[in-house]
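Below: one structure, written as structure tokens.
Rule-based calculations on the coordinates, nothing more; no lab input. Quick caveat: nothing in here was measured; it's all calculated off a predicted structure. We place every Cβ from the backbone using ideal geometry, glycine too, and count neighbours over all the protein chains shown.
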Amino acid sequence: MAIRSRRPRAKAALLPVLLTGALALAACSNGGSSAPASQGGGTAAKTLVIDTSFNLKTADPGRTYEPTGLIVGKAAYDTLLTFDGSDVTKPVPSLADSYELSADGKTLTLKLHQGATFADGSPVTADDVVFSLDRVRDMKGTPSFLLDGVKVEKTDETTITLTSKTANPALPYILPNPALGIINSKLAKEHGATADPGDKAEQYLNSASVGSGPYTIESVNISSQVVLKANTKYWGPKKPVYDKVVLRNVESATQKLNVARGDSQVALDLSGDQVKGLPGNLQVNKTPSANVVFLLANRNSAVSETTSNPKFAEAVRKGIDYTGLLELAGEGSVQAPGVIPSMILGALPADQGAKRDVEGAKAALKESGVTDPKVKLEYPSELTLNGLSLQGIAERIQANLKEVGITVELAPSPVTTALDNYRNGKEELGLWWWGPDYPDPSDYLVFLPGKTVGLRAGWKAGADKEIEAAGDKAAAAIGDDARKQAYVDVQTKLNASSPFIPLIQPSQNIVTAASVTGLEFHPVWTVDVADLGTK
Amino acid sequence: MKLPQAWRQPLAIVGGVVAVAWLVIAVAAPLLAPHDPLAQDLPRLAPPGPGHWFGTDQLGRDILSRVMYGARLSIPLTLLLVALSVLVGGLLGACAGYFGKWADETIMRFADLVFAFPTVILAMVVAAALGASLANAVLAVLVVAWPAYARVTRGLVLGVREREFVISGRLLGFSAWRSLRVDVLPNITGPILVLATLDIGTALLLLSGLSFLGLGAKPPSPEWGAMVASGVEVFDSWWVATFPGLAILTVVLAFNFLGDTLRDALDPRTARAIKERAL
């Protein structure tokens, strides 16, 4: 394809066609050849093939934080607490039978379940729990922050206390994270596990699992596939249904082909447009994901004289056609009324979402005193979120705001470049999303002035005393009702005057074969393999 | 008026007709296009049909109109790009060939350096370093395109430089510049013109390739490469990527046909074959 070639002629013109063909072939063979386990989805009936686009770095629970890693971790490692189905508003027992938060919110006491065993038959002890949690916290891996400043102690053989320096009512919601899975400390130590950054067990944990979960890890290849095997001695009430579960790394267009022809039984990441026109014998599960896509208008006047004007943010908020964005994102997506997604405690009711009001937007723009505004909208160009590309959303916003009289220049860039500008608070307008680290509203206090995301929008501490006071109150609130009220209050205030404009929660579309039962999308671990059954 | 024999070839006529058609579309797009290429007011991902003959894209924009407006971006930029490559490459190559010695060494070694990199990768690096925009993409392609002209021009100038008429010009006291312009240039334009025409296709491919990778046209401008890229996301809706792809295909083919014809016409060795094939 060199421009210097002497006779490019028809050959050159054919190149794109050939390339497309070759790519399509490569994509197909990726789906087809790595399918040793699938037999048309029926005969063996005990093997389940799940297709997903891998985001997987390790299968070591203490280091994992990627969506695919959490699926694997959830299947192989039990945690102290868990969630029932997709309800994340209430933690339920798993390895711990009960939990109790002290009145000051600083101490969490857990009673361990008696009779729980690891896959090798040995019992789960309080020492295993202490070692597992200490290891995650002190190894300084990606999920270490979940337990930052939390002291783990064994009071007696069946009691564990977790002590935090400040009130930490979110802790019961953090414990179900598969990164905090309990490992068999004896076995892990034999293979180099230590509770400090010198830990050497990762390689071993990528080839075997030392958990008490319903499945065990047979093999892990972080770029192509993960094979899980049933833990026949599983201690819990939900016995594994499939003998073998294979997770394959397949790009979404191929996932659709595979699941349609019975080559796989579950396809995890289809876009709203891709789930249209599937054969009728497949089940389509469309659930709003926990990712909230939002727009930020930088408050730092050094970054932009225009967007730092609060009235300008109001004009943008009123100028966006939210229904139009939902149409792009496809069925199952919902508008985000506040920064906290619908399934988490303290989410705003759907009817409090912003509505389009072109006249109001024009009025706000006039009031702002900015004439003929031109702003740059930055976003990561190549990323898709639940199959939805941010590109389309950005182009739609540009068209919406043009009607209001705001000229938006789109500035897509590769995610690494875009992230830099975002994290350093240099974007005039930015289009991003926030996925919860754990399903608790306290994870959303980062949007307040002076906090992580607030600073990214140039919102410095002290910029809005009233919101900051409401945030402090929410952080310290104890008890579901009080917390809910406090977080609703924070979000109402954020919607009135913050630099953030929550847009939508795109739908997570999961397609399964008719034979698969029990699938529910989960905002933390996407899907719990142990929940899947067969007809 | 009768066309010269060399142009009465089937491929030449097809190429000429298609190229002229695209030029007309590029010039008259605002009159021909049925919709505003940026208006998002049609149903999303509608298949080709009445009202939108090429279908609509993810945002409900008319693809026919976008393809037509795309010609206004791609074709002029490609022509400009090739013209610039000829100018820069030709000038440097002529200097290298005419003056020889250190000028030759410096320029040609630099050209070799550029040749040593894979074209597309080097263009990507340059475009990425400069930031994504069509102007920068043109600059990036220019960086990788000029050495071909420099090398060809140098070779041609070397061949002409020692001919009697050039030497006699020098003896009459022509300056180097005048000698190049008056004696050398007219004798080397033919081959360079052929190379340039053949290159239009490759230049367009490279330019849309950069846009495809997100290093060229900025959204929402209807650039063909960027349109193909957005079509890849919705593989099931084949029309989104197919029509801009066909636009690229036809333009590249047309200019390649024209380039071939031009070469045949200018090359005395192929003259007889042409006579036999002429319509």
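A compact table of results
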| item | result |
| --- | --- |
| All-pairs alpha carbon distance profile, the range A:410-462, 10 Å steps from 0, percent | 24, 49, 25, 2 |
| Cα radius of gyration and Dmax for the range A:317-439 (Å) | 15.2, 42 |
| P(r) tail fraction, the range B:169-279 - alpha-carbon pairs more than 26 Å apart, % | 47 |
| Vicinal HN-Hα couplings computed from phi for the range A:278-287 (Karplus, 6.51 cos²θ - 1.76 cosθ + 1.60; Hz; Gly/Pro x) | 8, x, x, 7, 9, 9, 10, 10, 10, 10 |
| Whole-number percent relative contact order across the range A:292-505, with pairs defined as alpha carbons under 8 Å at least 6 apart | 33 |
| Integer Hz, Karplus 6.51/-1.76/1.60 couplings in order for the range B:165-172, x for Gly and Pro | 5, 6, 4, 5, x, 4, 5, 6 |
| Taking chain B and dividing mean pair separation by its residue count, relative contact order in percent (alpha carbons under 8 Å, at least six apart) | 27 |
| Distance from the range B:154-199 to the range A:292-344 (C-alpha centre basis), Å | 63 |
| Globularity index of the range A:453-535, i.e. its alpha-carbon radius of gyration over 2.2 N^0.38 Å | 1.64 |
| Calculated Rg and Dmax of the range B:1-153 using C-alpha coordinates, Å | 21.1, 66 |
| Rg/Rg_globular for chain B, with Rg_globular taken as 2.2 N^0.38 Å and Rg from C-alpha atoms | 1.18 |
| Helix B:101-115 axis, angle to chain B major axis (alpha carbon atoms, nearest 10°) | 20 |
| Zero-based 5 Å bins, Cα pair distances in the range A:292-505, whole percents | 1, 8, 16, 21, 21, 18, 10, 4, 1, 0 |
| Part-to-part distance (alpha-carbon centres) for the range A:104-139 and the range B:39-78, which is given in Å | 59 |
| Cα centroid separation - the range B:120-152 against the range A:424-464, whole Å | 39 |
| Efficiency of FRET between A:S98 and A:T416 - r from beta-carbon atoms, R0 51 angstrom, step 0.05 | 0.70 |
| Span per principal axis, largest first, for the Cα atoms of the range A:54-249 (Å) | 47, 36, 31 |
| Mean residue ellipticity (222 nm) of chain A, computed from DSSP H runs ≥ 4 via -39,500 (n - 2.57), nearest 500 | -9000 deg cm²/dmol |
| Filtered chymotrypsin sites (Phe, Trp or Tyr not before Pro), the range B:184-279: DSSP coil and at most 15 other beta carbons within 10 Å | B:W238 |
| Convex hull per residue volume in Å³, alpha carbons only, for the range A:42-124 | 165 |
| Per-residue [θ]222 nm for chain B (sum of -39500 (n - 2.57) over DSSP H runs n ≥ 4, rounded to 500) | -23500 deg cm²/dmol |
| For the range B:214-229, 3J(HN,Hα) per residue [Karplus equation, 6.51 cos²θ - 1.76 cosθ + 1.60, θ = phi - 60°, Hz, x = Gly/Pro] | x, 9, x, 3, 8, x, x, 4, x, 8, 4, x, 5, 5, 4, 4 |
| Under 5 Å, built H, 5+ apart or other chain: amide partners of A:K460 | A:G450 |
| Cβ-based exposure ranking for A:V284, A:V511, in which fewest neighbours within 10 Å come first | A:V284, A:V511 |
| Quotient of Cα Rg and 2.2 N^0.38 Å for the range A:198-286, N being how many residues it contains | 1.34 |
| Cα-based equivalent ellipsoid, the range A:381-483: semi-axes from gyration tensor eigenvalues, Å | 29, 17, 14 |
| Projected-area mean, the protein assembly as shown, by convex hull of Cα positions, square nanometres | 43.1 |
| Computed label-point distance, nm, for sites A:K473 and A:Q352 using a 7 Å Cα→Cβ extension | 1.3 |
